[in-house]
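Asks: This is the structure I have questions about; it appears just below.
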Amino acid sequence: MLNQLRPAITLMALFSALTGLAYPLAVTGLAQLVLTGPANGSLVSRDGTVVGSSLIGQVFTSDRYFQGRPSATTAPDPKDSSKTVEAPYNAANSAGSNLGPTSQKLVDRVKTSVQGLGGAPDKPVPADAVTTSASGLDPDIAPAYAAWQVPRVAAARGLPADAVQALVAAHTAHQFDVPIVNVLALNLALDTLAQGSGRP
């Protein structure tokens, strides 16, 4: 019986070492050499301080900043662990709302969001301003939603609207031929523009 167990135990130990230690360490080491930024979370720093990730959205509520699309992520309720509470851009719980087009809750939320943004039949609101992404962590918005926010941001900052719109254009990239604007990168550039102009 030992003759049958010995090869099985040897192979199990060997493959455990290969797939459980050697392979993960090799992949991690290679990633650190070749793709240091993405391997470490695509972190974004400003003056030596990490301010976010280019891959995970975050909440911006001030009128002085561009805002991302709504997020449907949740977190455990601190008062009752059997329930959840809204926690936008919670990277530990990536998820969409799972509400379909026939959901009254979704319809009501979108209507409220459209009204809050000042949307009207003659002034349609960009779709990503009122709809969540499948992950709830989308760091990007469409250029149309960024342009929608330009007047508000420019007024709050005391900057010319055309200068802010030019900043949006400069930070518009293409992903799979779809134009996108990274909200964090745009807001950091906005702070730099405001500092350069002497405005707060």
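Asks: Under 10 Å, Cα contacts only: if you run a Gaussian network model on the chain, which one of Ala134, Ala22, Ala170 comes out with the highest mean-square fluctuation?
Replies: Ala22
Asks: Mind telling me which of Arg157, Arg69, Arg46 comes out most flexible in a GNM of the chain, alpha-carbon contacts under 10 Å?
Replies: Arg46
Asks: Kindly provide the Kirkwood hydrodynamic radius of segment 1-66 in Å, to one decimal, from all pairs of distinct alpha carbon atoms.
Replies: Kirkwood radius, segment 1-66: 16.0 Å.
Asks: Between the alpha-carbon centers of segment 113-157 and segment 81-100, tell me the distance in whole angstrom.
Replies: So the separation of the two Cα centres works out to 21 Å.
Asks: Also: What does the extension gain come out to for Leu35 and Ser113, with contour length at 0.36 nm per residue minus their alpha carbon separation?
Replies: Here the answer is 24.2 nm.
Asks: Then there is this: Take the Cα radius of gyration of the chain and divide it by 2.2 N^0.38 Å, with N its residue count; two decimals is plenty.
Replies: Numbers: Rg = 23.1 Å, N = 200, 2.2 N^0.38 = 16.5 Å.
The chain yields a ratio of 1.40.
Asks: If the cut-off is 22 Å between C-alpha atoms, which lysines fall inside it for Lys123, apart from same-chain ones fewer than 8 positions away?
Replies: Lys111
Asks: Now, a different point. Under 20 Å Cα to Cα from Lys105, which aspartates and glutamates show up? Leave out anything in the same chain fewer than 8 places away.
Replies: Correct list for Lys105: Glu86, Asp128.
Asks: Contact order normalised by length for the chain, with contacts defined as Cα pairs under 8 Å and 6 or more residues apart; what percent is it?
Replies: Values: 247 pairs, mean separation 38.7, N = 200.
It comes to 19 percent, rounded to a whole number.
Read the figures in this text as sums done on the coordinates, not as results from a lab. Small disclaimer: the values here were computed from a predicted structure and weren't measured.
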